[in-house]
Amino acid sequence: MAQKGNIGVTTENIFPVIKKFLYSDHEIFLREMVSNAVDATQKMKTLAERGDFKGELGDLTVRVSLDADKGTLTISDRGIGMTEEEINKYINQIAFSGVTDFLDKYKDNANAIIGHFGLGFYSSFMVSKKVEIVTRSYKEGSKAIKWSCDGSPEFEITDAERADRGSDIILYIDDDCKEFLDKLKIQELLNKYCKFMAVPVAFGKKTEWKDGKQVDTDEDNIINSVEPLWTKTPSTLKDEDYKNFYRTLYPMQDEPLFWIHLNVDYPFNLTGILYFPRIKSNIELQRNKIQLYCNQVFVTDQVEGIVPEFLTLLHGVIDSPDIPLNVSRSYLQSDANVKKISKYITKKVADRLASIFKENRKEYEEKWDDLKIFINYGMLSQEDFYDRAKDFALLKDVDGKYFTFEEYQTLIKDNQTDKDGNLIYLYANDKEAEYSYIEAAKSKGYSVLLLDGQLDTPMVSMLEQKLEKTRFSRVDADIVDRLIVKEDKKESELAKADQDNLSQAFRSQLPKVEKTEFYVDVQALGEQALPVLITQSEYMRRMKEASKFQAGMSFYAQMPDAYNLVLNSDHPLIKNVLENENKECADQLKPVVSELKGLEARLAALHQTQNGKKPEEITQEEKDEVKTTEQSIEEQRTKKNDIIASYAKGNNVIHQLIDLALLQNGMLKGAALDSFLKRSVDMIK
C-alpha cells in the first residue's frame with residue numbers, strides 16, 4: 001500500500017512561511033514534539049483506566065534519541081498511535097485560510113501561529129528538511145504506516161515495520177540547524193521545557209565514571225519529575241520538601257523566606273508554589289523567576305503582565321490548564337482567564353502575609369527586612385494591594401522596633417505634631433552617617449524611623465498622600481527645632497551687619513565641590529547645640545532621588561546638590577569668631593562700610609525720585625546715575641568681602657569648624673581631609 005498527495009493548504013509556500021515566521025522561536029519545536037508524545041501516552045492510560053483498552057500498558061516512557069551520523073533527532077512513544085485515516089485527518093489537513101491573511105495577521109506574533117492553527121507538529125519543519133512519522137494504532141488489527149514529507153506540501157504514506165503501538169517522529173535536521181544534533185543542547189532544551197511533564201521522558205542513558213572516562217549504563221536518563229511538588233496535597237508535604245524543590249528550581253539561590261502553595265479548582269484550575277526569595281540588592285536581577293506551565297508543560301518565564309508586576313519578584317511555579325500553551329505573552333496579558341488568575345494570586349499572597357503576621361508576629365518581624373521590598377513594591381504598583389497590605393506593612397525605627405502604620409501614628413501623635421497640625425515622621429537612611437542628627441532628634445523625645453531600602457523614597461511620597469496631614473522629613477533636613485516647628489522661630493539676637501559679616505567669613509572658606517552649592521545661615525540654637533552643622537533641603541534631595549525612579553524628572557538629576565551650613569550664634573566658638581573678626585577687620589572695614597552706607601542711601605534717594613515717573617519720563621542721565629551708583633555699591637561690597645575673606649583665610653577655627661561639619665556628613669575627603677588632620681594636630685599641641 002502506498003499513498004501520495006498534497007497537504008490540505010491553500011498555498012504552495014506554507015513551509016517557507018512556517019520556517020520564516022516561527023524561526024525566532026525555533027527551539028520550541030522540541031517542546032511540541034515531546035508534548036504530543038506525552039499527550040498520546042496519557043490518552044493511552046485513560047483508555048486503559050476506562051476499560052476501552054484491555055492489553056498491557058507496559059513501559060510508557062517517551063524517548064528522545066540522537067543519531068548525529070544520520071543527522072536525525074527522534075521522539076518515540078508507546079501511546080495510542082495513528083491509523084492511516086487519522087494521519088489524513090490530523091496531519092494532512094491544516095486549518096489555513098489564504099496565505100495573505102495569514103501573513104497579515106501573524107507576521108508580528110510568531111508564537112500565536114502554532115496555538116491558533118494547531119501547528120504543534122508542523123513546528124518540526126522549523127529545524128528539519130524532512131520529517132517521518134512511523135506509527136501504529138493501539139486499535140486491534142492496525143498496521144504500521146510511515147508518513148514522510150520533505151518540507152513541501154507533498155507527502156507520502158507507505159507501509160512500515162513497527163512491532164508495537166505508538167509513534168516515532170524522525171526529524172532530519174536541516175543544515176542550518178545543526179546545533180539540534182548536539183547532545184548538550186538537546187539536554188538543555190529538555191530540562192527547560194519538559195522537566196515536569198506527566199510521563200517519563202528519557203534522553204539516552206545515565207553515565208558513570210569508569211576506567212578514566214564517562215560511559216553509559218543500562219539505566220534510562222529520565223530528565224523529568226512526573227509528579228512535581230505542586231501537584232501534591234500540601235498536607236502531605238513537609239518544609240524540607242518545599243526547600244528541596246526550591247533547590248531543584250534554583251540551585252544557586254539562598255534558602256527562601258517562605259512559600260505559598262496554590263491549589264484552586266474554581267472558577268478556574270490553578271496549582272503552583274510561589275516562594276519569597278531573599279533579595280540582596282538589585283530587584284531587577286530577581287525578575288522572571290516564576291515559571292508558567294500548562295498541564296506540567298513549560299510555557300514561559302516572562303511573566304510581566306501575566307502576574308502583577310510586584311509578584312515578578314517572587315520565584316516558583318504556576319500551572320494551569322486554563323493558560324493557553326502555545327500563545328504569545330501579549331495574548332496571555334489580554335486573556336480573561338489569565339487576568340482572573342492574576343487577581344487570585346494577589347489575594348492569595350496578601351492572605352498568606354496577613355496570616356503569618358497575625359499568627360506569629362515575632363517571626364514576621366524577623367523576616368520583615370527581606371519581605372519589605374515585596375510589600376512596598378506591591379503597595380506602590382497596585383492600589384488594591386495597598387488596601388490589603390496597610391494592616392501588615394511595618395515601619396522600623398532606628399532602635400530596631402517594628403510598628404504597623406496605625407501603631408506608629410498613635411506613638412508619635414502627641415509629640416510630633418507641628419503647630420499647623422501636621423504629623424511629622426522623622427527618618428534616617430543611614431544610622432551611622434546620620435548618627436548625630438538622630439541623637440539630636442531623640443534628645444527632643446522624637447522617634448526616628450530607619451528607611452534604608454531601595455524603594456523607601458517613593459514609599460515616603462506615597463505615604464504622604466495616603467496618610468492625612470502627614471509629612472516625612474529626614475533628620476538632617478534642618479536643625480532639630482525646625483524639623484517639627486511647634487512655635488514661631490526664635491530670631492538670632494545678632495545685628496544684621498554682624499550676621500552678614502559672620503556668614504561671609506564662613507562662606508568665603510567653603511570648598512568648591514563639583515555640582516554642589518553651599519548656603520550659609522545664622523540661627524540661635526542654644527549654647528548646647530553644635531556650633532556648625534550642615535542640613536540638606538528635604539524637597540530638593542527627595543526630587544533628586546525620585547529622578548532615579550521616575551521618567552521625566554531628569555531635570556532634578558542635573559541640578560547641583562544644595563546644602564545649608566548653619567552657624568549657631570549662641571555657641572561660644574561662633575561668638576569668639578565674630579568678636580575676633582570685628583576686632584581684626586574694624587579699621588579696614590570702617591571706611592568701606594561708611595562709603596557703602598552713603599552709596600546705598602544715594603541709590604535709595606535716586607529710586608525715590610524716579611518713583612511715579614513713567615519709563616519714558618526718566619532721562620538717560622538719571623538712568624546712568626543709577627547704574628553708576630549700583631556698580632560702585634558692588635565694588636564696595638566686593639572690597640568688604642575681600643577684607644573678611646582675608647581674615648577668615650588665616651583663622652584656623654573657621655576652617656576647623658567647616659571641616660568638622662563636612663566630616664560629620666562624609667564630605668571631607670582627599671587633600672581636604674589631610675589638611676584637617678594636620679591642622680587638628682597643630683591645634684592641640
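Structure notes:
- Here ILE438 passes the criteria (1) open to solvent by 40 Å² or more (accessible area, probe 1.4 Å); (2) over 26 Å from LYS390 (Cβ atoms); (3) of a type outside the set (Gly, Ala, Ser) except the one numbered (1).
- Taken together, the residues in segment 189-217 that are over 24 Å from GLY58 (Cα atoms) and surrounded by 13 or more Cβ atoms within 10 Å (Cβ to Cβ) amount to 5.
- So ILE186, is it touching a residue at least 24 places away in the same chain (Cβ under 8 Å), in a strand (DSSP E or B), of a type in the set (A, V, I, L, M) and touching a strand residue (DSSP E or B) at 6+ places or on another chain (Cβ under 9 Å): no
- Residues of segment 640-685 classified as in contact with a Pro (Cβ under 7 Å, 6 or more places away or on another chain) and among the small types (Gly, Ala, Ser), total: 1
- Condition met for ASP39 (among the acidic types (Asp, Glu), part of a helix (DSSP H, G or I) and modelled with pLDDT under 90): yes
- Of all residues making up segment 572-597, the number that are open to solvent by less than 30 Å² (accessible area, probe 1.4 Å) and either among the small types (Gly, Ala, Ser) or closer than 17 Å to ALA648 by Cβ (or both): 7
- Considering the conditions (1) surrounded by 21 or more Cβ atoms within 10 Å (Cβ to Cβ); (2) within 30 Å of GLY453 (Cα to Cα); (3) out of contact with any Ser or Thr (no Cβ under 8 Å at 6 or more places or on another chain), LYS243 is excluded by exactly one of them, (1).
- Enumeration of residues in segment 372-390 that are farther than 14 Å from LEU314 by Cα and hydrophobic (A, V, I, L, M, F, W, C): MET379, LEU380, PHE385, ALA389
- Scope segment 646-659; condition crowded, with 17+ Cβ neighbours inside 10 Å and among the hydrophobic types (A, V, I, L, M, F, W, C); matching residues: ALA648, ILE654, LEU657, ILE658
- Complete set of residues in segment 660-685 that are part of a helix (DSSP H, G or I), open to solvent by less than 30 Å² (accessible area, probe 1.4 Å) and either touching an Asp or Glu at 6+ places or on another chain (Cβ under 8 Å) or basic (Lys, Arg) (or both): PHE676
- Residues that are over 21 Å from the mean Cα position of the chain (by Cα) and either touching a residue at least 40 places away in the same chain (Cβ under 8 Å) or closer than 17 Å to LYS348 by Cα (or both) within segment 365-387 comprise just one, ASP387.
- Spans of helices (runs of 4 or more DSSP H) in segment 441-555 with at least 2 residues within 30 Å of PHE374 (Cα to Cα) and modelled with pLDDT under 85: 538-546
- For LEU189, the requirement of being within 16 Å of LEU66 (Cβ to Cβ) and of a type outside the set (Lys, Arg) is met.
- Boolean, ASP456 is within 26 Å of the chain's Cα centre (by Cα), among the charged types (D, E, K, R) and crowded, with 17+ Cβ neighbours inside 10 Å: yes
- Boolean, LYS613 is out of contact with any strand residue (DSSP E or B) (no Cβ under 8 Å at 6 or more places or on another chain), among the basic types (Lys, Arg) and outside any helix (DSSP H, G or I): yes
- If the condition is being farther than 17 Å from LYS390 by Cβ and either in contact (Cβ under 8 Å) with a residue 40 or more places away in the chain or open to solvent by less than 50 Å² (accessible area, probe 1.4 Å) (or both), then segment 400-411 contributes only GLY400.
- Against the test of being open to solvent by 60 Å² or more (accessible area, probe 1.4 Å) and without any contact (Cβ under 8 Å) to a residue 40 or more places away in the chain, the options GLU493, GLU432 yield a single qualifying residue, GLU432.
- Where a residue in segment 623-638 is closer than 10 Å to GLU600 by Cα and its partner, wherever it lies, is part of a helix (DSSP H, G or I) and open to solvent by 60 Å² or more (accessible area, probe 1.4 Å), with Cβ under 8 Å and at least six apart: THR629/ARG602; ILE633/GLU600
- Scan segment 258-298 for residues that are modelled with pLDDT of 85 or more and of a type in the set (Ser, Thr, Tyr) and the total you get is 3.
- Qualifying position, being surrounded by fewer than 16 Cβ atoms within 10 Å (Cβ to Cβ) and either at pLDDT 90 or above or within 30 Å of ILE534 (Cβ to Cβ) (or both), among LYS627, LYS614, LYS640, LYS623: LYS627
- Residues in segment 502-529 that are over 14 Å from LYS575 (Cβ atoms), among the hydrophobic types (A, V, I, L, M, F, W, C) and open to solvent by 20 Å² or more (accessible area, probe 1.4 Å): VAL513, PHE518, VAL520.
- Some residue of segment 161-174 being of a type in the set (Ser, Thr, Tyr), at pLDDT 95 or above, open to solvent by less than 40 Å² (accessible area, probe 1.4 Å) and touching a Gly at 6+ places or on another chain (Cβ under 7 Å): yes
- LEU483 being without any contact (Cβ under 8 Å) to a residue 40 or more places away in the chain and among the aliphatic types (A, V, I, L, M): no
The values are calculated or read from the model by the stated rules, or taken from the named source; none is laboratory data. Predicted model only: the values in this text are computed from it and were never measured. Note that each Cβ is placed from the backbone with ideal geometry, even for glycine, and that neighbours are counted across all protein chains shown. Areas reflect the complete protein model, heavy atoms only, side chains present, ligands, DNA and RNA absent. Shrake-Rupley method; radii C 1.70, N 1.55, O 1.52, S 1.80 Å.
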